[in-house]
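Structure, as structure tokens:
The values are calculated or read from the model by the stated rules, or taken from the named source; none is laboratory data. Quick caveat: nothing in here was measured; it's all calculated off a predicted structure. Note that each Cβ is placed from the backbone with ideal geometry, even for glycine, and that neighbours are counted across all protein chains shown.
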Amino acid sequence: MSTTLMPQDLEETTSSTQETQEAAQEANGTEKTWAIIAHLSACMQLGVLSTNYLTAALLAVAGPALVWMLKKNEMPLVNTQGKEAINFNLTLLLVGVVPYLIKDSVVVLFAVSTQVIFFAWLAFAIVATLNVSAGKAFRYPISLRLLR
């Protein structure tokens with residue numbers, strides 16, 4: 001089953017991207033700092049990652065969600081980048097649950113897949129942070145757009 005993008009979908013995506021870039025260009029230092037915190041707050045998971053994957057994954061979503069909820073109405077860049085961080089971390093949570101649930105039956109698959117997910121998460125979080133600190137909006141390439 002293939003998904004066909006309708007003209008209004010393409011228009012919405014283009015409009016959203018333009019708004020995000022405009023917000024990034026107009027952002028002041030405080031707004032950029034909060035947008036950076038939205039991306040990096042997912043790092044709260046690092047303290048518990050080795051003990052419990054699900055707790056770590058939920059913390060990775062909770063950090064950006066908290067920043068987004070606090071600042072979304074007053075800072076356009078935080079609104080767009082917070083949603084990006086939440087969507088990305090929710091995507092990785094959903095992707096990571098499958099190997100977590102089958103870890104007992106396929107230990108090697110679990111070990112490899114969680115390492116790949118972790119390093120992808122870390123790399124994208126760093127790239128997002130660097131982009132926002134340079135005044136550019138960032139869209140995670142592998143992310144479900146759950147929040148729009």
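A few notes on this one:
- Check on Ala128, small (Gly, Ala, Ser), closer than 13 Å to Ala38 by Cβ and at pLDDT 85 or above: yes
- Total residues in segment 14-63, condition in a helix (DSSP H, G or I) and either charged (D, E, K, R) or modelled with pLDDT under 70 (or both): 16
- Qualifying residues in segment 71-86 (those that are over 19 Å from Trp121 (Cα atoms) and not charged (D, E, K, R)) - the one surrounded by the fewest Cβ atoms within 10 Å (Cβ to Cβ): Asn73
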